[in-house]
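Engineer: One structure coming up, written as structure tokens, with questions to follow.
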Amino acid sequence: MRCLGMGLGMLLLFGCSAAIEHGLGESSANEIVAALERAGVPAGKTRDESKGDSFVVSVAKADVARSIELLHSLGLPRPERAGFGELYRQSSFWPSPSEERAKYLEALTGEITQTLEAVEGVARARIHLVLPEPDPMDGRPRVAAQAAVLLKLRTGQAQPISEGEVRKLVAGSVPGLDPRAVAVVFTAAAAAAAGVVETPAELVALGPLRMTADTRVAMVIIGGAAAGLLVLLALLVLVMARRLSSAYRAPGQGVAPRRP
């Protein structure tokens, strides 16, 4: 009976859920599920069989709108950043010097961006790098190395990293870049809309499942309706079986009277 209840609960949960993110890596899916759970929104991830190793994150249909708003305010999901390993794995057979330079710049930007976005409290990072261009005549830099960094911080959190630390980190990753040539701008990520749950909400139990109180009420109503429908179908099958049994019984086929 307990297994039946668990199965019915899982069936109702997935029957009332909607996917809000597709094509995610496992780490991105885990980050989104954790963020939603911290905000009191039950969520789950499933493997997207049609896209290989990607994952889908789903929530209850009643939580779709606030989940999307919450993820937007947190800067999730983070865009995939290609580093040196990914870009140079796809290198052409005979790349030109300009192609090599462009790939190096993109890979370097991706690596630094991943490092900055790994800082707790940074929702999104954008970096523009200008590498030094040597003069073909004397080899001296014709254009000095420069960088511009934009960091979007999560709403309601203190600044997790100082401007000086950002400059040191970026300058230490780019050859010939002076920390004073790194421009840093901090901005706040978009705040969640009114009504979006941003603080952990109390989760209540429904059998083996945990969910918010509003979701529990909906699940109980749907579960009761489903149970009533099953009982009605069982009664209908029983009545039809008795009618068929009576229809196939021939007249006078009852017990014959005993002879004297």
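Engineer: Let me spell it out: the conditions are (1) in contact with a His (Cβ under 7 Å, 6 or more places away or on another chain); (2) open to solvent by less than 20 Å² (accessible area, probe 1.4 Å), and ALA39 meets all of them except one. Which number is the exception?
Structural biologist: With respect to (1) in contact with a His (Cβ under 7 Å, 6 or more places away or on another chain); (2) open to solvent by less than 20 Å² (accessible area, probe 1.4 Å), ALA39 is out only on (1).
Engineer: Note down all Cβ pairs under 8 Å where the first residue falls in the range 178-189 and is under 16 Å from LEU116 (Cβ atoms) and in contact (Cβ under 8 Å) with a residue 12 or more places away in the chain, the second is open to solvent by less than 50 Å² (accessible area, probe 1.4 Å) and hydroxyl-bearing (Ser, Thr, Tyr), and they're at least six residues apart or on different chains.
Structural biologist: ALA189/SER73
Engineer: With (1) modelled with pLDDT under 85; (2) surrounded by 12 or more Cβ atoms within 10 Å (Cβ to Cβ); (3) closer than 26 Å to ALA125 by Cβ as the list, and ILE32 as the residue in question, which single condition is left unmet?
Structural biologist: With (1) modelled with pLDDT under 85; (2) surrounded by 12 or more Cβ atoms within 10 Å (Cβ to Cβ); (3) closer than 26 Å to ALA125 by Cβ applied to ILE32, the lone miss is (1).
Engineer: Report the residue count in the range 218-260 for those that are assigned to a helix (DSSP H, G or I), at pLDDT below 75 and open to solvent by 90 Å² or more (accessible area, probe 1.4 Å).
Structural biologist: 1
Engineer: Do we have any residue at all in the range 144-162 that's under 19 Å from ARG101 (Cβ atoms) and in a loop (DSSP other than H, G, I, E, B)?
Structural biologist: Yes: one or more hits.
Engineer: Give the range 21-76 a look and list any residue that's of a type in the set (Lys, Arg) and under 11 Å from the mean Cα position of the chain (by Cα), or say none.
Structural biologist: Listed by number, the list holds a single entry, LYS45.
Engineer: For the range 100-112, does any single residue satisfy the condition of being touching a Lys or Arg at 6+ places or on another chain (Cβ under 7 Å) and at pLDDT 85 or above?
Structural biologist: The answer is yes; a qualifying residue exists.
Engineer: Related question: Could you tell me whether the range 177-187 includes any residue that is open to solvent by 70 Å² or more (accessible area, probe 1.4 Å) and either modelled with pLDDT of 60 or more or over 30 Å from the mean Cα position of the chain (by Cα) (or both)?
Structural biologist: There is at least one residue in the range 177-187 that is open to solvent by 70 Å² or more (accessible area, probe 1.4 Å) and either modelled with pLDDT of 60 or more or over 30 Å from the mean Cα position of the chain (by Cα) (or both).
Engineer: Take the residues of the range 63-99 that are modelled with pLDDT under 70 and of a type in the set (A, V, I, L, M): which is farthest from ALA188 (Cα to Cα)?
Structural biologist: Per the criteria, the residue is LEU87.
The values are calculated or read from the model by the stated rules, or taken from the named source; none is laboratory data. In this text the structure is predicted, and so the values were computed from the model without any measurement. Reconstructed Cβ throughout: ideal geometry from the backbone, glycine too, with neighbour counts over all protein chains shown. These area figures cover heavy atoms from the full protein model, side chains too; ligands, DNA and RNA do not enter into them. Shrake-Rupley method; radii C 1.70, N 1.55, O 1.52, S 1.80 Å.
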